[in-house]
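Input: a single structure, listed below in C-alpha cells.
What follows is calculated from the coordinates using simple rules that are stated; it is not laboratory data. Given the structure is predicted, the values throughout are model-derived calculations rather than measurements. FYI the Cβ positions are ideal-geometry reconstructions off the backbone, even for glycines, and counts take in every protein chain you see.
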C-alpha cells in the first residue's frame, strides 16, 4: 500500500494576471527540471491544498498548483463575475504559457477532473496524459444524484439531507440548486453564512466512506464555506456552462491520450457510472475501481491507486 509522499514546501509562489479583474495564485514545488504536472483542485471554489503535491514523487515531478478564480489566495475572493468554465480552461493555458511548458501531465479530481477533460478538448496537443479521480460529468443526473430530494445521496443520508435542505423555503426544496442560488443573491449576510455552512457540510460529509465525526467543524468554517457554496451554486445553476452530456459526447477528442481514472466504489458525490461510461468510450483509458472507498482523495485505497498511477506515468515520461 502506497502512502503520500512527504510534505514539501513550494520553491516558488507567484501571481498570474488572467484578466483585468482576476489574478491567480500559483505555486511550484518538487524538481524544477522534472516532469511538469498541473494539478486542478476540486470545487468549483474549493481552493488548492499543498497536500495535493504529495501525490507526486518530488524528485521526478515539477508540481504546479493554482487557485481557480474566486477561491483560495486568488483575487478577488469569492468573485462570480467573469467566472465560468471556458474562462477557467483558458486560465490553465495562460499558466502553461507563463511557465514556458510545452506538454504536461494533467491531474484532477471531481470538479478538477471535469476541468481537466475540458482543457483537453481545447488543448490536446499540450497534454502527455491524464490522471483523474472521480470525474464529475456535470449532467443533470449527476446534479440530481447529489443535491435533489429524489437523488441517491438523499436516499442514503436522509438525516443529513434534512439539514442541507433546512435553510431553503419549502417551495424551493424541489430544486435546491436554484433555491440556494437565489438565497445567496437575495438573503442577508447572516442567512447566507448559515446556508453556506449547510451546503459545505453536506458536500464534505458525503466525501468519505464513513462519515467524519468532525464534519461540521471541518467543513463549516464560515468564510471558506461561503466562497465554496456561492461559486458551486453559480456553476451548477448554469449547468457548468456546457450542454447536457458534453463530456461524454466529446471524449473521442482525447482518444490518442493515455489516462488513468481512479474511482471509489462507494462514491456518493460523483457517480461511478460516469467513470465506467468514459472508460467504455475511451480506448486509452484505464479505470481502477477502489473497493472500500468513497469520494475523498484521502481514502487509503484511493491514495494507493493515485500514487501508483503517478509513479507509472513518471516511469514512462521521465
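Can you give the Kirkwood hydrodynamic radius for the chain, in Å, rounded to one decimal and based on Cα pairs?
After inverting the mean inverse Cα-Cα distance, the result is 19.7 Å.
Determine the gain in length on full extension of the stretch residue 14-residue 238; use 0.36 nm per residue of separation and subtract their C-alpha separation, reporting nm with one decimal.
Gain on stretching residue 14 to residue 238: 77.6 nm.
Please work out the Cα convex hull volume for segment 140-240 and give it in Å³ per residue.
For segment 140-240, the hull spanned by Cα atoms encloses 93 Å³ per residue.
Tell me, what is the percent relative contact order of segment 179-318, built from C-alpha pairs under 8 Å that lie six or more residues apart?
23 percent
Counting only helical runs of four or more DSSP H residues, what would the 222 nm mean residue ellipticity of the chain come to if each run contributes -39,500 (n - 2.57) and the total is spread over all its residues?
-12500 deg cm²/dmol
Considering only C-alpha atoms, what is the centroid distance from segment 148-164 to segment 61-102, in Å?
33 Å
If neighbour count is taken as other Cβ atoms inside 10 Å, put 173, 162, 62, 133 in order from fewest to most.
If I rank by nearby Cβ atoms, fewest first, I get 162, 173, 62, 133.
So if I take the alpha carbon set of segment 35-98, get Rg, then get Rh from the Kirkwood formula, what is the Rg over Rh ratio?
A ratio of 0.99.
What is the antiparallel percent of DSSP beta bridges lying wholly in the chain, to the nearest 5?
30 percent
With an 8 Å Cα cut-off and a minimum separation of 6 or more residues, compute the relative contact order for the chain in percent.
Computed value for the chain: 19 percent relative contact order.
Please give the FRET efficiency for residue 140 paired with residue 80, using the beta carbon to beta carbon distance and R0 = 25 Å, rounded to the nearest 0.05.
FRET efficiency, residue 140 to residue 80: 0.70.
Cut-off is 10 Å between beta-carbons; in what order do 134, 297 appear when sorted fewest neighbours first?
Ascending number of Cβ neighbours within 10 Å: 297, 134.
Compute the helix-to-body angle for 300-317: its Cα long axis versus the longest principal axis of the chain, expressed 0 to 90° and rounded to tens.
That helix lies at roughly 30 degrees to the long axis.
What is the calculated FRET efficiency for residue 33 to residue 283, with r their C-beta to C-beta distance and R₀ = 35 Å, to the nearest 0.05?
Calculated transfer efficiency: 0.60.
At R0 = 30 Å, how high is the FRET efficiency between residue 3 and residue 210 if r is their beta carbon distance? Nearest 0.05 is fine.
Efficiency at R0 = 30 Å is approximately 0.95.
Cβ neighbours within 10 Å, averaged per peptide: list 74-81, 106-113 in order, most packed at the top.
So the order, starting with the most tightly packed, is 106-113, 74-81.
Rounding to the nearest 10 and keeping the result within 0 to 90°, find how far the Cα-based axis of helix 272-281 lies from the longest principal axis of the chain.
So the inclination is approximately 40 degrees.
Compute the helix-to-body angle for 189-206: its Cα long axis versus the longest principal axis of the chain, expressed 0 to 90° and rounded to tens.
60 degrees
Quick check: pseudo-label points 7 Å beyond the Cα along Cα→Cβ at residue 311 and residue 170, how many nm apart are they?
So the two model labels end up 5.7 nm from each other.
In which sequence would 12, 27 go, from the one with the fewest C-beta neighbours within 10 Å to the one with the most?
Listing 12, 27 from fewest to most nearby Cβ atoms yields 12, 27.
Full extension from residue 123 to residue 156: what is 0.36 nm times the residue separation minus their Cα-Cα distance, to one decimal in nm?
Separation in residues times 0.36 nm, less the Cα-Cα distance, equals 8.0 nm.
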